[in-house]
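Below you'll find the structure, written out as C-alpha cells, and then a few comments.
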Amino acid sequence: MSEKKKIILGISAYYHDSAAVILIDGKIVAAAQEERFTRKKHDPAFPKNAVRYVLEEAGVTMEDLTAVSFYDKPFIKFERLLETYHAFAPSGITSFLAAMPVWIKEKLFLRKILRDEFEKVTDIALPKKTPILFPEHHLSHAASAFYPSPFEDAAILTVDGVGEWTTTGIFHGKGKDITALKELHFPHSLGLLYSAFTYYCGFKVNSGEYKLMGLAPYGHPKSERVEKYKKLIYQDLIDVREDGSLLLNMEYFNFATELEMCDDEKWNKLFSLPRRKPEDELTEEYMDMALAIQEVTEEIVILLARTAKKLTGSKNICLAGGVALNCVANGKLHKTGIFENIWIQPAAGDAGGALGAAYAAYHIFLKQDRRVSGDGRDAMQGSYLGPEFSSPEILRTARKYEAVSHYVADFDTLAKRAADLLSEGKVVGWFQGRMEWGPRALGARSILGDPRNADMQKRLNLKIKFREGFRPFAPSVLAEESEKYFDSDIASPYMLFVFPVKENRRKIIPATAKGLYERLYVSRSDLPCITHIDYSARVQTVHKETNERYWKLIDAFREKTGYGLVVNTSFNVRGEPIVCTPEDAYRCFMATDMDALVMGDYIFLKEEQPGEQKDFQNTYEAD
C-alpha cells in the first residue's frame, strides 16, 4: 500500500496581496493571488477564489489536506501593535481605536475564522484533526526563497516593511533546514524607509515603490542635490552600521502609530521640498530624491549581503520580501560578486508568503526531505502556476461579445502572424497557458510591442496602460541571445534583475535634453522602447523549456527582424490587476488601443470587432 500523499495548503491574507498555494509531496501544483479573481488590486481579503482554484487544480478537497499553513503569527503581530502604541502614547490614539475592534473581534481568533472560511468556500469542513500552522512572517519569506531554489546550501536574506516584529532577516538554508542567524526589528526597517520616500514623492505605499524605482534613473548621479539628499538621509533619518543594520530616527516618521508614513512638516524643513501630491508635476527635485533613496537602499542591501556571506560562508544567496523586488538593487548586488549565485523568489512580497508557509509546513513541521533538481533548475516551473483556459472557454467569451476571431491550428503559423503584427508596429495582447505567479507578466498574460519602435513607450504608457509617461518597459529576450543586447552573464527568467544595455547599442543623449519628457523621448539605443534613461533594462530571459509558445513567438520575431526580443508589459491597465480569464483579456483589449489579441489558438483584430473602445471603458467604470 502506497504512503498517503502530503498535501499542504498555504495561505496569506488580511494585510495585502492575499494568495493561496497547494503543495503535494513538496511539489508546487498551483498558486494564485486573490486579486486576479476579484479584480481588486492587492486584495487583502480571505483568498476564497484562490483557495477554490488551487484545490480544484490539485483535484483535492479540504478533507485531503495534511495541513494548512498561514504566513505569519497573528498573536505576535498583535503584541507588536500593543507595545508600539504603548511606547508612543498618547500619540496614535485615533489609529489605535480604529485598529483594536478588528483585532479583538476577528484577527485574534484567526484559526476559527480560517476554518469557517474554508467551509464557506468548499461546503466541506476542514477536519478538526488537520492542523493549522502559523510560521513566522520572515520564516515564510525565507522558506519561499530557499526551498524552491536550485541550491543545497545558501544564505537567505529577507527584507520588507515588517512582519510580526522582524523587518530584516538573515538565515542559512542547508538541505531541508533553515536556521535564523540575525534579525532587525520594527520600527527600524529598510522597507518602510523606502515606502516613506514613495509616499513623499507622491506615490501610493505598498504599490508605488516600483514607480519610485523607475523614477530614480531620471535623477542626476553624483550631482550636488543628490549628494545633499543622501547626506541628509544618512545624517538625520537613519543610522546605518557596518553589518547593514539600521536605526530610524523616529522623530521624522509617523508610520508606527499614525496613518501617514512620515512627518511632512519636518521632511519639508529637512529637504527644503514639500511632499508631492499624486498628480503634481514630477520636477527634478523629486527625481533626485528618488535616486538618492534608491542609492541608499542599494548600499544597505549590499552591506546586508556581505554580512550574510560572513555568517554563512555560502557561495549562494536567496532573496525574498518586498525589497527583493527592487531589481535595480538586485542587479547591483550581482555585480559586486559577493555571491557566485543569486536566486530570488518571483512572488517575493506577501503573496509569496503563502508559498513559504506551505514549504515551512512540509519541510520543517513534517520534516520531509528536500529534493534539488541537480541541473540548476528551480522548482517554480517558470512561475506559470495559475489558471489555464481551454479553446471552448475562449470561444464562450467570443460568443458573449459577438467577437470576430481567427482560428490558427498550427502554432508556428500563429507565432509568425503575431510576429508580423509586432514588426508592423502593432501592439499585441498575448494570453497563453497558465497565469503567472508573482507581480511580473512573463509571457502568459502580457502586452507586447516592437522594441525598435521609438514611439512605442509613449503609446504603451498613455494609450494602452493609461499610466505615467515616464514609466519604463521591460524586454523579453531569448535566453540564448541575451548577451547580444545586455551586459549580463546570468539568466533572469522572472524579470528580477536590471542589466545595462550593451555599449555598442547606445546613442548619446543630447546635452540640450533637460526635462523629464525631453530626455524620455530621446532615442537612447537601437532598442529605444526598452532602454531606460540610464541605459538599463529590466530583463526577462525566455527559456524554451518553460514557455515554448512565448519562446517561439520571439524566435519568429527574430527571424522576421533580426532582433530576438520584444517589449513585454503586464496585461492590464493602471489600477487593475493583471488579467486572469479570457473575458478579462478581451475587455482590456477592447478598452485600450491594442491592435490585436492572441488568445490560445485564436487571433482577434481590433478593426474587426463590434463595439467601440469607449463602450468597454464605460463597463470598467461601471464595475
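Here is how the numbers come out for the structure above:
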quantity: Residue exposure sequence - Met287, Met435 - by fewest surrounding Cβ within 10 Å; calculated: Met287, Met435
quantity: Student exercise, the chain dipole from Lys, Arg, Asp, Glu Cβ charges, in Debye to nearest 20; calculated: 400
quantity: For segment 126-192 versus segment 269-305, the gap between their alpha-carbon centres in whole angstrom; calculated: 28
quantity: Among beta bridges that DSSP assigns inside the chain, antiparallel share in %, nearest 5; calculated: 75
quantity: Model label zone, Glu63; criterion: amide N under 15 Å from point 7 Å along Cα-to-beta-carbon; scope segment 130-152; calculated: 130
quantity: Calculated [θ] (222 nm, deg cm²/dmol) that DSSP helices of n ≥ 4 give over the chain, each run adding -39,500 (n - 2.57); calculated: -10500 deg cm²/dmol
quantity: Mean separation of Cα contacts under 8 Å, 6 or more apart, over the residue count of segment 314-433: relative contact order %; calculated: 18
quantity: Potential extension, Leu259-Lys27 segment - 0.36 nm per residue separation minus Cα distance; calculated: 79.5 nm
quantity: For segment 519-586: rounded, prolate or oblate by the Cα gyration tensor [a/c cutoff 1.5]; calculated: oblate
quantity: Potential lengthening between Asp412 and Ala491 on full extension [0.36 nm per residue; Cα-Cα distance subtracted]; calculated: 25.9 nm
quantity: Per-peptide average of other Cβ atoms within 10 Å, ordering 606-615, 172-181, 464-473, 437-446 highest first; calculated: 437-446, 464-473, 172-181, 606-615
quantity: Shape call, segment 476-623: gyration tensor on alpha carbons, a/c limit 1.5; calculated: oblate
quantity: Förster-model FRET efficiency, 35 Å R0, Asp455 and Ser272, C-beta, rounded to 0.05; calculated: 0.40
quantity: Sorted peptide list for 419-432, 587-600, 255-268, criterion being average Cβ within 10 angstrom, highest first; calculated: 587-600, 419-432, 255-268
quantity: Partners for Lys174 among aspartates and glutamates (Cα-Cα distance below 16 Å; same-chain residues under 8 apart left out); calculated: Glu152, Asp153, Asp369, Asp378
quantity: FRET E, pair Asp593, Lys484, Förster distance 30 Å, beta-carbon r, rounded to 0.05; calculated: 0.45
quantity: Paramagnetic label zone (point 7 Å from Cα along Cα-to-C-beta, Leu462; backbone N under 12 Å) in segment 521-548; calculated: 521
quantity: Protection-proxy order for peptides 477-489, 153-165, 288-300, each taking the mean of Cβ atoms within 10 Å per residue, highest first; calculated: 153-165, 288-300, 477-489
quantity: Nearest-0.05 FRET efficiency for Ala180 and Gln235, computed from C-beta distance (R0 30 Å); calculated: 0.40
quantity: Rounded, prolate or oblate (a/c below 1.5 giving rounded, otherwise prolate when a/b exceeds b/c) for the chain by Cα gyration tensor; calculated: rounded
quantity: Reachable lysines, given that their alpha-carbon falls under 19 Å from the alpha-carbon of Lys230 and they are not under 8 places away in the same chain; calculated: Lys222, Lys266, Lys269, Lys332
quantity: Gain in span if fully extended, Asp153 to Lys4, counting 0.36 nm per residue against the direct Cα distance; calculated: 50.7 nm
quantity: Local electrostatic count, Met594, Cβ distance below 12 Å [Lys/Arg +1, Asp/Glu -1]; calculated: +3
quantity: Distance (nanometres) between label positions extended 7 Å along Cα→Cβ at Lys614 and Ile76; calculated: 5.6
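Values in this text are rule-based calculations from the coordinates and carry no lab data. Computed from a predicted structure; not experimentally measured. Quick reminder, even Gly has a Cβ in these numbers, built from the backbone with ideal geometry, and neighbours come from all protein chains shown.
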